[in-house]
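What follows is one structure encoded as structure tokens, with my remarks underneath.
Each value in this text was obtained by applying a stated rule to the coordinates, not by laboratory testing. Predicted model, so just to flag it, every value in this text is computed and none were measured. So basically every Cβ, Gly included, is an ideal-geometry build from the backbone, and we count neighbours across all protein chains shown.
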Amino acid sequence: MNNDVWFRPLVWIDYRLAVLFMVIFPLLLLSWAFFQKAEAIQRLLIIYWRVSSLLLITLYLMIGGFGIAFLSSWIARLLIPLELWFWVDLNEEIEYYPNSLLKVIFTSWRWAVSTYCLFGLVAFLPFLSCAFSKDSITTAYCGVWLEAPLMFKEYFHSNVDKPESLGILGILGLITYVVYLGYFILFKLGKKRRSALQ
């Protein structure tokens, strides 16, 4: 534990907010949208889960102690708000969706997550240096970010002796993510433009 790091409580608050806003709420909203047959909200949330899977990949990279996790975390905070507002057709459908509690809560969540991610982009900038120095990950300054992922490992992968092996899963996930994202940008985005329904 890096008790000497003054911002340690803020890091733990950030992880708790991430679980609340980026895992629990969107999971509940997706279930609710399926139940209410709100197709535009369903589509947007399914795309959200695809994009935000980079956060899970980041978690495994951090368990493995790979510095690139700091870069992938920052990129995830950039991509999530972009995804939530990028699709013109879904935005229009949601705007004209009949007023309901689902619409109000979904819209509130979308603004809250976007704000959280944008603040996170700025606040996380000083830690990007952890991605580019091999030895920095072992310092208290960078290592404090590994505490929550390592606790996750103890809860869900306690039988795995070497955290590095879980980090390899993160590397494979990152390669797959980058290939898929590259394919989407190079081949699909030009055809789809800002329409999710094409």
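Put the Cα centre of the stretch 179-194 next to the Cα centre of the stretch 22-36 and the gap is 26 Å. GNM on the chain, C-alpha springs below 10 Å: top fluctuator among Ile63, Ile105, Ile171? The residue with the greatest mean-square fluctuation here is Ile105.
Please identify, among Leu54, Leu186, Leu150, the residue showing maximal mean-square fluctuation in a Gaussian network model of the chain using a 10 angstrom Cα cutoff. Between Leu54, Leu186, Leu150, it is Leu186 that shows the largest mean-square fluctuation.
Over the chain, the fraction of Cα-Cα pairs per 10 Å bin, rounded to whole percents and listed from the shortest bin up, is 8, 32, 34, 19, 7, 0.
Relative to the longest principal axis of the Cα atoms of the chain, the long axis of helix 68-86 lies at roughly 10 degrees. In the stretch 1-80, the C-alpha radius of gyration followed by the widest Cα-Cα span (Dmax) gives 15.2, 50 angstrom.
When the chain is treated as a GNM with alpha-carbon contacts under 10 Å, the residue of Arg16, Arg77, Arg110 showing the greatest mean-square fluctuation is Arg16. Placing +1 on the Cβ of every Lys and Arg and -1 on the Cβ of every Asp and Glu, with nothing else charged, gives the stretch 52-198 a dipole about its Cα centre of roughly 400 debye. Taking the C-alpha atoms only, the angle from helix 25-36 to the longest principal axis of the chain is near 30 degrees.
Which of Lys153/Lys188; Lys162/Lys192; Lys103/Lys192 have a Cα-Cα distance over 31 Å? Write out the running numbers ahead of the final one.
Details: Lys153/Lys188 36 Å; Lys162/Lys192 43 Å; Lys103/Lys192 25 Å.
Flagged as over cut-off: Lys153/Lys188; Lys162/Lys192.
Once the Cα atoms are used to define both axes, helix 101-124 deviates from the longest principal axis of the chain by about 40 degrees. On a C-alpha basis, how far is the centre of the stretch 102-143 from the centre of the stretch 158-173 in Å? Whole number, if you could? The stretch 102-143 and the stretch 158-173 have Cα centres spaced 22 Å from each other. Candidate cross-link partners of Lys134 among the aspartates and glutamates, defined by an alpha-carbon separation under 20 Å and a same-chain spacing of 8 or more, comprise Glu147, Glu164.
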